[in-house]
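K.L.:
This is the structure I want to talk about, given as structure tokens.
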Amino acid sequence: MIDKTKLPTVSYDDMNTMHYEEADLINDLLAKIEKGSDSEVTSAVEALLAHMQKHFEYEENMLKNRGFGMFDIHRSDHNRIMGETRMAYMNWRNFKEREALREFIEDEFMEWLNLHIQAMDSVAADFLSRLEDS
Ligand SMILES: [Fe+2]
Ligand SMILES: [Fe+2]
């Protein structure tokens, strides 16, 4: 399980809410990997992918066409993890290897999420907070 209180926070509250929701889905997936059926694991990965899509579209829609200089690099960092998570999903569908899926989530995905929030979302949050203050 991951401790969502340890996730980095940003200066824009709705983004934090989105990240906490994602952490809840990650914990649900880890619980299903631990002791759910194969189809429950599949559904939990699908729920995570759907939430990632919503999370990334939400941020990109707020940032695009507003002169945010890091838009392209931010979006491509979303696209990269989306591609890797879809790949992990395909591997799960094909091979049903729980350990490989758990490692992907606990190591690669969580490392990405922590770094992305610190390096990309925090800058985006400050930009959005400034826009709304002015
Ligand atoms: Fe985010
Ligand atoms: Fe982001």
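K.L.:
Let me see the pair-distance distribution of the chain: every alpha carbon pair, 10 Å bin width, integer percents in order.
P.N.:
12, 43, 30, 12, 3, 0
K.L.:
Under a plain spin-label model, where a point goes 7 Å from the Cα along Cα-to-Cβ, how far apart in nm are Thr42 and Glu106?
P.N.:
Label at Thr42, label at Glu106, 2.5 nm between them.
K.L.:
Note the per residue figure in Å³ for the convex hull of the C-alpha positions in segment 77-134.
P.N.:
Hull volume normalised by residue count: 72 Å³.
K.L.:
Sticking with this one: Given the DSSP H assignment, sum -39500 (n - 2.57) over each helix run of at least 4 residues in the chain and divide by its residue total; what's the result at 222 nm in deg cm²/dmol, nearest 500?
P.N.:
Mean residue ellipticity at 222 nm (helix-derived): -24500 deg cm²/dmol.
K.L.:
Can you give the charge dipole size of segment 51-134 about its Cα centre, rounded to the nearest 20 debye, using +1 on the beta carbon of Lys and Arg and -1 on the beta carbon of Asp and Glu?
P.N.:
380
K.L.:
Related question: For the residue pair Tyr58 and Lys6, what label-to-label distance in nm results when each label sits 7 Å from Cα along the Cα-to-beta-carbon direction?
P.N.:
Roughly 2.3 nm, to one decimal.
K.L.:
Just to confirm a number: summing +1 for Lys and Arg and -1 for Asp and Glu over residues other than Met110 whose beta-carbon lies under 12 angstrom from that of Met110, what do you get?
P.N.:
-4
K.L.:
Are there trypsin sites (Lys or Arg not before Pro) in segment 94-134 that DSSP marks as loop and that have at most 13 other Cβ atoms within 10 Å, and which are they?
P.N.:
Those that pass, being in a loop and sparsely packed, are Lys96.
K.L.:
Among Ser39, Phe68, Met87, which residue has its Cα furthest toward the positive end of the charge dipole of segment 37-108, with +1 on Lys/Arg Cβ and -1 on Asp/Glu Cβ?
P.N.:
So the residue furthest toward the plus end is Phe68.
K.L.:
Shifting gears a bit: Cα to Cα, under 19 Å, and not fewer than 8 places away if on the same chain: which aspartates and glutamates meet these conditions relative to Lys54?
P.N.:
Candidates past the 8-residue exclusion: Asp13, Asp14, Glu21, Glu22, Asp24, Asp28, Glu46, Asp72, Asp77, Glu84, Asp121.
K.L.:
Report the gain in length on full extension from Gln118 to Ala31: 0.36 nm times residue separation, minus Cα-Cα distance, nm rounded to one decimal.
P.N.:
Working it through step by step, the gained length comes to 28.7 nm.
K.L.:
Would you kindly state how much longer the chain becomes between Asn91 and Ser129 on full extension, computed as 0.36 nm times their sequence separation minus their alpha carbon distance, in nm to one decimal?
P.N.:
That pair, Asn91 and Ser129, stretches by 9.7 nm at full extension.
K.L.:
May I pose another question? Hey, what did the chain get for relative contact order, percent, Cα under 8 Å, at least 6 apart?
P.N.:
Reported as a whole number, the value is 37 percent.
Each value in this text was obtained by applying a stated rule to the coordinates, not by laboratory testing. Just so you know, these numbers come straight off a predicted model, no measurement behind them. Counting neighbours? That spans all protein chains shown, and the Cβs are built from the backbone with ideal geometry, glycine included.
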